[in-house]
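Novice: One structure coming up, written as structure tokens, with questions to follow.
The values are calculated or read from the model by the stated rules, or taken from the named source; none is laboratory data. From a predicted model like this one, the values you see are computed outputs, not experimental measurements. In this analysis, Cβ positions are derived from the backbone assuming ideal geometry, glycine residues included, and neighbour counts consider all displayed protein chains. Ligands, DNA and RNA are stripped out before the accessible areas are found, and what is left, the full protein with its side chains, is counted by its heavy atoms. Shrake-Rupley method; radii C 1.70, N 1.55, O 1.52, S 1.80 Å.
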Amino acid sequence: MSKRDYYEVLEVSKGASKEEIKKAYRKKAIKYHPDKNQGDKAAEEKFKEAAEAYEVLSNDEKRQRYDQYGHAGVGGAAGGGFGGGGMSMDDIFSHFGDIFGGGFGGFGGFGGSSRGGRRVNKGSNLRVKVKLNLSEIANGAEKKIKVKKYVECKHCSGSGAENGSSYSNCSTCQGSGQVTRISNTILGQMQTSSTCPTCNGDGKIITNKCKYCNGEGIMRDEEIISLNIPAGVEEGMQLSVSGKGNAARRGGINGDLLVLIEEERHPELVRDGNNLIYSLNISIPEAILGKTAEIPTVDGAVKVKIEAGTQPGKILRLRGKGLPEVNSYGKGDLLVHVQVFIPKELSKEERKSVEKLQSSESFQPQKGSGEGFFSRMRNMFE
């Protein structure tokens, strides 16, 4: 099932400001919040859909990639395994503080508000570079990479506590994860809330910490991650794999893995957007008499007929032999630029043969040949 346009989901224009996007998301979140629509799966999906749209459109970098590449730019390509799709409720509620100022308009969390005011730990994002050749870019690729990162502690299953160890509510915040202070100002009393300094927002204290992770619930290790990269990506494009960044301490939300695309230089083909350019060198006799030339493509060589009398600089267009567009069915072309090789040195016999040809009427330049050259140049860039 294809995803809806994020601007359509939030009912805003493409030129909407951040404040307009935030306001639109707040309206959707209140309307479809699970506590108001208990048991309504359709409302829950719309709630998640709105949160996913806000996550992308509220971030300048993600929004720019989305505007340029669509869902593929932020991980929405079907089967690609990247990005914003599949947000959990933990992901959604983790950024509610930014929208609702620490409370959600009188509503609790999903499924009974078990989180209260506790801070949700979020692992940091990781960034890696992946090199792709033109064939992989043309057809899409599956890559396996080894990443050094923080992972969930195997000995305590990420809890930070030794097996059988118990927890106690933090005496400072009484298990809420936050402390409230009231201060007197010239405008009267002001109440402020902040993360509890004793439990760091967890709301509980471990009585016996895991000796392997020192109670953090995470440790350094390596993980092999499979990446399904969609066809048509290009140099500098960044994709994200949700939840494959550093693990969060004590069972929080994992960060994301950001994948930066690098292109390997092809020995014969040059990329120009979705088109590919190949320079074909032929001799003077071949240009005069014609020949069959073998042209490399990303999927193997093809044979092309060079007509007799082909002029230097002629552009041959092989349609559909270029690269696909991301998240689209269109493909670019392969442009073959014909170059005629002119030797700098000739033997006496060769020079005599050329001098004989020079006086021939067929070898005299024709008027208007310059216009033909400029016409070919225009065709190259059309």
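Novice: So, in the range 318-342, of the ones that are within 28 Å of Thr292 (Cβ to Cβ) and free of Cβ contacts under 8 Å to residues at least 24 places away in the same chain, which residue ends up most open to solvent (accessible area, probe 1.4 Å)?
Specialist: Arg319
Novice: Quick one: which residue in Val326, Val304 is among the β-branched types (Val, Ile, Thr) and assigned to a strand (DSSP E or B)?
Specialist: Result: Val304 is the single residue among Val326, Val304 that is among the β-branched types (Val, Ile, Thr) and assigned to a strand (DSSP E or B).
Novice: Which one of these does Glu235 not meet: (1) crowded, with 20+ Cβ neighbours inside 10 Å; (2) at pLDDT 90 or above; (3) under 30 Å from Asn133 (Cβ atoms)?
Specialist: Glu235 satisfies every listed condition except (1).
Novice: Yes or no: Lys131 open to solvent by 50 Å² or more (accessible area, probe 1.4 Å) and under 30 Å from Gly330 (Cα atoms)?
Specialist: Numbers: open to solvent by 50 Å² or more (accessible area, probe 1.4 Å): yes; under 30 Å from Gly330 (Cα atoms): yes.
Yes; evaluated as a whole, the condition is true for this residue.
So that you can scan it fast, the table gives a plain yes or no per residue for (1) surrounded by 14 or more Cβ atoms within 10 Å (Cβ to Cβ); (2) at pLDDT below 90; (3) in contact with a Ser or Thr (Cβ under 8 Å, 6 or more places away or on another chain); (4) in a helix (DSSP H, G or I):
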{"residue": "Ile137", "(1), (2), (3), (4)": "yes, no, no, yes"}
{"residue": "Val147", "(1), (2), (3), (4)": "yes, no, no, no"}
{"residue": "Ser159", "(1), (2), (3), (4)": "yes, yes, no, no"}
{"residue": "Ser168", "(1), (2), (3), (4)": "no, yes, yes, no"}
{"residue": "Arg181", "(1), (2), (3), (4)": "no, yes, yes, no"}
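Novice: Are any residues in the range 1-48 touching a residue at least 60 places away in the same chain (Cβ under 8 Å) and not in a helix (DSSP H, G or I), and if so, which ones? Give the steps one after another, and end with the answer.
Specialist: Filtering the range 1-48 for residues touching a residue at least 60 places away in the same chain (Cβ under 8 Å) gives 2-3, 6, 22, 25-26, 29-30, 33-36.
Within the range 1-48, Ser2, Lys3, His33, Pro34, Asp35, Lys36 qualify.
Novice: Looking at (1) modelled with pLDDT of 90 or more; (2) of a type outside the set (A, V, I, L, M, F, W, C); (3) farther than 28 Å from Leu269 by Cα, can you tell me which one Gly313 breaks?
Specialist: (3)
Novice: Does any residue of the range 190-197 turn out to be crowded, with 19+ Cβ neighbours inside 10 Å, in contact with a strand residue (DSSP E or B) (Cβ under 8 Å, 6 or more places away or on another chain) and under 20 Å from Glu262 (Cβ atoms)?
Specialist: Kept after step one, since they are crowded, with 19+ Cβ neighbours inside 10 Å, are these residues of the range 190-197: 196.
Now drop any that are not in contact with a strand residue (DSSP E or B) (Cβ under 8 Å, 6 or more places away or on another chain), which leaves 196.
Pick out the ones that are also under 20 Å from Glu262 (Cβ atoms) and you get none.
No.
Novice: State which residue is nearest to Ser58 (Cα to Cα) when the search covers only the range 26-38 and only residues that are open to solvent by 80 Å² or more (accessible area, probe 1.4 Å) and modelled with pLDDT under 75.
Specialist: Of all residues in the range 26-38, those open to solvent by 80 Å² or more (accessible area, probe 1.4 Å) come to 26-27, 31, 36, 38.
Narrowing the set further to residues that are modelled with pLDDT under 75 leaves 36, 38.
Details: Lys36: 25, Gln38: 28 Å.
That would be Lys36.
Novice: What number of residues in the range 305-317 are among the hydrophobic types (A, V, I, L, M, F, W, C) and surrounded by fewer than 16 Cβ atoms within 10 Å (Cβ to Cβ)? Steps first, answer last, please.
Specialist: First, the residues of the range 305-317 that are among the hydrophobic types (A, V, I, L, M, F, W, C): 306, 308, 315-316.
Cutting the leftovers down to surrounded by fewer than 16 Cβ atoms within 10 Å (Cβ to Cβ) gives us 308.
Adding up the residues that qualify gives 1.
Novice: With the condition kept exactly as written, say whether any residue in the range 212-221 is of a type in the set (D, E, K, R), surrounded by fewer than 21 Cβ atoms within 10 Å (Cβ to Cβ) and assigned to a loop (DSSP other than H, G, I, E, B). Explain how you work it out, then say what you get.
Specialist: Our first condition is that a residue be of a type in the set (D, E, K, R); within the range 212-221, this holds for 216, 220-221.
So of that shortlist, the ones also surrounded by fewer than 21 Cβ atoms within 10 Å (Cβ to Cβ) come out as 216, 220-221.
Then drop every residue that is not assigned to a loop (DSSP other than H, G, I, E, B), which leaves 216.
Within the range 212-221, one or more residues are of a type in the set (D, E, K, R), surrounded by fewer than 21 Cβ atoms within 10 Å (Cβ to Cβ) and assigned to a loop (DSSP other than H, G, I, E, B).
Novice: Out of curiosity, is Ile282 part of a strand (DSSP E or B) and surrounded by 13 or more Cβ atoms within 10 Å (Cβ to Cβ)? Please lay out each step first, then the result.
Specialist: Numbers: part of a strand (DSSP E or B): yes; surrounded by 13 or more Cβ atoms within 10 Å (Cβ to Cβ): yes.
Against the criterion (part of a strand (DSSP E or B) and surrounded by 13 or more Cβ atoms within 10 Å (Cβ to Cβ)), Ile282 qualifies.
Novice: Across the range 285-301, what is the total count of residues that are open to solvent by less than 40 Å² (accessible area, probe 1.4 Å) and either at negative phi or in contact (Cβ under 8 Å) with a residue 40 or more places away in the chain (or both)?
Specialist: 6
Novice: Failed condition for Lys14, given (1) loosely packed, with under 14 Cβ neighbours inside 10 Å; (2) at pLDDT below 90; (3) not small (Gly, Ala, Ser), with all others met?
Specialist: Going through (1) loosely packed, with under 14 Cβ neighbours inside 10 Å; (2) at pLDDT below 90; (3) not small (Gly, Ala, Ser) one by one, Lys14 breaks only (2).
Novice: Name the single residue that is nearest to Ile145 (Cα to Cα) among those in the range 238-274 being open to solvent by 40 Å² or more (accessible area, probe 1.4 Å) and among the polar types (S, T, N, Q).
Specialist: Checking each candidate, the answer is Ser242.
Novice: Ok, one more. Consider Gly80 carefully, then state whether it is open to solvent by less than 60 Å² (accessible area, probe 1.4 Å), in a helix (DSSP H, G or I), within 28 Å of Leu260 (Cβ to Cβ) and modelled with pLDDT under 85.
Specialist: Numbers: open to solvent by less than 60 Å² (accessible area, probe 1.4 Å): yes; in a helix (DSSP H, G or I): no; within 28 Å of Leu260 (Cβ to Cβ): yes; modelled with pLDDT under 85: yes.
Criteria not met by Gly80.
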